[in-house]
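S.K.: Once you've had a glance at the structure underneath, I'll fire off some questions.
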Amino acid sequence: MTVLLYSLLFLVSVAVTLGACTLFTNAIEWLGKRFDLSEGAVGGVLAAIGTTLPETSIPIIAIFFGASRAEAEVGLGAILGAPFMLSTLVIPILAILLVVYAGLGKRTAAFRLNYRDVKGDLSFFVVAYSAALAC
């Protein structure tokens with residue numbers, strides 16, 4: 001009985017999550033139309049902020065409302081470690097997909113990097129990350 005109940009709860013949770021994702025996506029699109037924002041701004045700013053709120057709010061709660069110093073340190077580690085974890089996963093996945101799609105003939109194997117944009121992004125990241133570490 002317990003396995004059946006947990007399986008049912010899991011399926012209900014998946015359905016609720018998918019419904020919430022659909023609602024969120026539609027709300028972000030309409031908000032972008034309402035404020036006459038480009039698709040890049042909607043996806044790159046509004047959706048990014050909305051999707052990172054859950055994983056950012058939990059560590060912030062741990063930092064400010066945690067009962068011990070260890071809880072605050074875990075919260076800080078979660079916030080400061082997230083960019084490194086994401087880059088550790090995303091960069092190899094992108095490289096693998098580049099090779100796979102080039103092998104399938106869907107794109108060229110050449111990878112063009114806009115050095116000016118990357119330099120600006122990484123410079124901002126280093127300054128912001130250093131400021132976060134200093135606090």
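None of the figures in this text is laboratory data; all of them are computed from the coordinates on show. Keep in mind the model is a prediction, meaning the values are calculated, not measured. Quick reminder, even Gly has a Cβ in these numbers, built from the backbone with ideal geometry, and neighbours come from all protein chains shown.
S.K.: Using a 7 Å offset from the Cα along the Cα-to-Cβ direction at both residue 3 and residue 70, what is the distance between the two label points in nm, to one decimal?
M.R.: It works out to 3.6 nm between the two label points.
S.K.: Of 90, 103, 17, which is farthest along the charge dipole of the chain in the positive direction, counting Lys and Arg as +1 and Asp and Glu as -1 at C-beta?
M.R.: The one lying farthest along the dipole's positive direction is 103.
S.K.: So what are the radius of gyration and Dmax for the Cα set of region 36-135, in Å?
M.R.: Looking at region 36-135, its Cα Rg and Dmax stand at 17.8, 56 Å.
S.K.: I would also like to ask the following. Hey, what did region 37-134 get for relative contact order, percent, Cα under 8 Å, at least 6 apart?
M.R.: Relative contact order for region 37-134 comes out at 15 percent.
S.K.: Moving to a separate point now. Give, as ranges by residue number, the residues of region 78-122 whose backbone N falls under 15 Å from the point 7 Å along Cα→Cβ of residue 130.
M.R.: 120-122
S.K.: Another question about this same structure. Given the DSSP H assignment, sum -39500 (n - 2.57) over each helix run of at least 4 residues in the chain and divide by its residue total; what's the result at 222 nm in deg cm²/dmol, nearest 500?
M.R.: -28500 deg cm²/dmol
S.K.: What does the extension gain come out to for residue 109 and residue 11, with contour length at 0.36 nm per residue minus their alpha carbon separation?
M.R.: Gain on stretching residue 109 to residue 11: 31.2 nm.
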